[in-house]
Structures are given as C-alpha cells and as structure tokens.
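Down below is the structure, laid out as structure tokens.
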Amino acid sequence: MEYGAITIDTSIFDKNALKIDSGILKNLSQFKGKPAGLILSEIVINEIYSHLERKSFESRKNIESALKDAPHYLRLEAEHTEEISAKIRELKDSKETAKDIIKKFIHDTSAEIIKAEGNIKISELIKRYFTNTSPFADSGKKKNEFPDAIALLSLEAYAQTNKTKILAISTDKDWASFASNSPYIDVIEDLAQGIALFSPNTESDALCKVISSKIATAEWEKIQSQIEDALPDAIGDMQITAEADSSFYYEPSNFVEIEFIEFDFEKDPDSNAIITPIQRHHGGLTIQAKIKIRAKAYADFSLSMHDSIDDDYVSMGSASAEKAIDFDSAILFTIDGEIDYKNPENTEPDKVEIHSIEHIQLNY
C-alpha cells in the first residue's frame, strides 16, 4: 500500500527549533496541492502552539533584558534603546504571534488538521490505558502519554476511513511502538528521508549519488571550504541549552557560546557522504547532508542555595564551564551552478547556501 499522507510529530518541530518558516520545515510547502499531502493531529498543532508561545515569550524577555544592559556594555544611547523597546511593544503578544505562525504554516502547506472528536473511541482509549497497550507503557507516568494516544488513534482512524497508509515522522519511541502494531501507520525518524519518499525523482537521485561520492573528496574542495566557512555562523543560530550537575541550584547566565573546530561528512558503508534530495528547483537542488561536528562549548552559570530559615535563595556566585563536544547533526543546503541532470557526473557546483542545522542540548 502506498502512503496516502505524511504526518509529523511535535518532536520533529522541536528538533528543528520550531523554525517553521525556514530550513527543512519550510520545504513541507511542496506538499501543497499534492494528492498525498500533509496531515497533522490537532494534538500536535496544540503542542506546537504551546511551544511557539513559550519561545515567543522568551525571545521578548531576552531582548528586553539585553536592552537593559546595552547602555552599560554597548554604550548604546538611551534614545536608541527606547526606539527598539517601542518597536517591541508594538508587536503582537506571544499568543497571537504563535497563532499567526501556525496559521501561515497551515496555509503554505495546505495541512489537513485531524480532529480527535469523531475519530477516536473513548472505550478504545480506556482499554489501551488499562492493558498497557502502546502508546501506554507498563511503567512511568502513563497520564503523560494520553496526548500521544489521542493523536495516534485519530490518525489511524483517518487512515482506516480513507483506506490509506500514513508515514509518520517522529523521534518519540511511543509513536514507533504504536506503529509496530498498526497496519495503517509507519514511523521513521528522519524528515528528509520521509520527504524523499514522497517525491521520487530519478534524476535527482542520480545527482545525489554523484554528490555523495564527490563532496568529501579533493575534487570538490571548494565546496567543502564554503561549507566550513558557513558552519560557524550556522552553529551560532542553533538553539542550544546547557544543563549541569551541581550541589547548588543553578541557572545558565547567558547563551551558550560554541567555537567551531571542524566537521566531516557522515559516511555510508561505501565511504560516500549520506545525502538526501529535498527539493529540486530552477538553478539548483536543495539537499540534506548528515555531518559530524567537533566544537568547544562555553557557558556561565549563576549559583544559589536555599535558605530554609528565610525560605529564599541566596546567591553563591557564578561559575564558568567549557566542554569539548562531538555531535551528529544535519545541514540543509542548496547547491547552485552547472547542474547537468542528464549527465550528473559533469556537475560542477559554484556555491552552496546553508539554510539550517539541527539543534542540540549540552550537559555539563
């Protein structure tokens, strides 16, 4: 049975830092108007809204905090900080901003929202809960798995009604467990791979095989250098959080600073770079490459301890930490230049443009 729709779990949106208007999430617009389109559970939509609202609120607070420091550390005149503050105050609040982002995403992709009401049976939900049937585990806080259960049962009911099969993209193990027992849903973790399954193109695949064999060789050293030059800025745009192990209460004081050292392409058993075609367009091809990055991370932490007498937290100063890190990631980029789809071995790209890089979490 061919897939009649593709769906995405909240984990994939979070993995791509909720940047719906850029990177690989933006490329979901290619499903607009296609017979096999994008469908999303209303549970996922509500979770994305909640996460976007929080990100919008945090972004506003970070800007406001930075503006308070700007006169002291940037010597920015008060009138200029007030101009920026006034612009911030003119923006919609976090709730409305999150709604606007989601509304535009649904419009750009023509995503169909699958409602829970009318698609799931409460009796089935209760049965799964008390028999520890996926996505409910036999241990842990099962109440946290209700959103997944509602989303998955709704999607399965949609597939049954439409006599089709759904490809779900998720890094959530509960989704994979559910799909292993469902004839209507398959789950994979890689969004680029999922997109490629819906847009097979022999010429693009042939070109990607050539790119895979050449991009890590001396023959394409110019392209490697362009990627290496662009990666420090791309890493700077990553959503990075730091966690620590300390006897004190701690909070990261500032953003995590990443110093890029080097990268290498992740290779398949034949020592070719792992490349996936995403979207073909005039003058180029957008692809995803799996990479390994070596870097150094720096973070500052504010320390405190609880005073049980005053029921307050007392500052214990601050601490700095640095850590060498090696992590797997993926970059989405466009190759432009002399692209010969008929004879891909003759392809000589002029430049690459990096669109996005997956984010990570650091533990100190």
Write down the percent of antiparallel bridges among all DSSP beta bridges whose residues are both part of the chain, to the nearest 5.
-> 70 percent
For a quick protection proxy, order the peptides 5-17, 307-319 by their average other-Cβ count within 10 Å, most packed first.
-> 5-17, 307-319
Taking the Cα centre of the chain as the origin, how large is its charge dipole in debye, to the nearest 20, when only Lys and Arg (+1) and Asp and Glu (-1) carry charge on their Cβ atoms?
-> 1520 debye
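Expressed as a whole percentage, what fraction of the accessible surface of the chain belongs to carbon and sulfur atoms when a 1.4 Å probe is rolled over the protein heavy atoms?
48 percent
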Counting only C-alpha contacts under 8 Å and six or more residues apart, can you give the relative contact order of segment 255-308 as a whole percent?
-> 44 percent
Quick one: compute the contact order of the chain, relative version, from alpha carbon pairs under 8 angstrom and 6+ residues apart, as a percent.
-> 16 percent
Can you give the accessible area of K323 in Å² (nearest 10), computed on protein heavy atoms with a 1.4 Å probe?
-> 80 Å²
For T109, what charge total do you get from the other residues with a beta carbon under 11 Å from its beta carbon, if Lys and Arg give +1 and Asp and Glu give -1?
-> +2
Under a 1.4 Å probe, counting only protein heavy atoms, R54 has an accessible area in Å², nearest 10, of 120 Å²
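Dipole of segment 1-102, Cα-centred, from +1 at each Lys and Arg C-beta and -1 at each Asp and Glu C-beta, to the nearest 20 debye? Could the numbers behind the result be given before it?
On the way: 16 positive and 18 negative charges, 46 e Å.
Computed about the Cα centre, the dipole is about 220 debye.
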Restricting attention to segment 44-126, which GluC sites (Glu not before Pro) occupy a DSSP loop and are surrounded by at most 11 other Cβ atoms within 10 Å?
-> E77, E117
Any chance you could look up the accessible area of D93 with a 1.4 Å probe, heavy atoms only, rounded to 10 Å²?
-> 80 Å²
State the Cα centre-to-centre distance between segment 1-77 and segment 168-239 in whole Å.
-> 19 Å
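Tell me the per residue accessible area of segment 8-135 using a 1.4 Å probe; a whole number in Å² is fine. Don't skip to the answer; put the middle values down first.
On the way: 7760 Å² over 128 residues.
That works out to 61 Å² per residue.
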Given the rule -39500 (n - 2.57) for each run of at least 4 DSSP H residues, summed and divided by the residues of the chain, what is its mean residue ellipticity at 222 nm, to the nearest 500 deg cm²/dmol?
-> -12000 deg cm²/dmol
Hey, in the GNM for the chain with a 10 angstrom Cα cutoff, which one of A196, A66, A216 fluctuates hardest?
-> A66
Gain on full stretching of the segment that runs from K267 to S123 - 0.36 nm per residue minus C-alpha separation = 47.1 nm
Entry for volume of the Cα convex hull per residue in Å³ (calculated from the structure that is shown) out of (i) 204; (ii) 181; (iii) 145 = (i)
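The values are calculated or read from the model by the stated rules, or taken from the named source; none is laboratory data. Just so we're clear, the structure is a prediction, and the values are computed from it rather than from any experiment. Don't worry about glycine lacking a Cβ; one is built from the backbone with ideal geometry, like all the others, and counts go over all protein chains shown. Ligands, DNA and RNA are stripped out before the accessible areas are found, and what is left, the full protein with its side chains, is counted by its heavy atoms. Shrake-Rupley method; radii C 1.70, N 1.55, O 1.52, S 1.80 Å.
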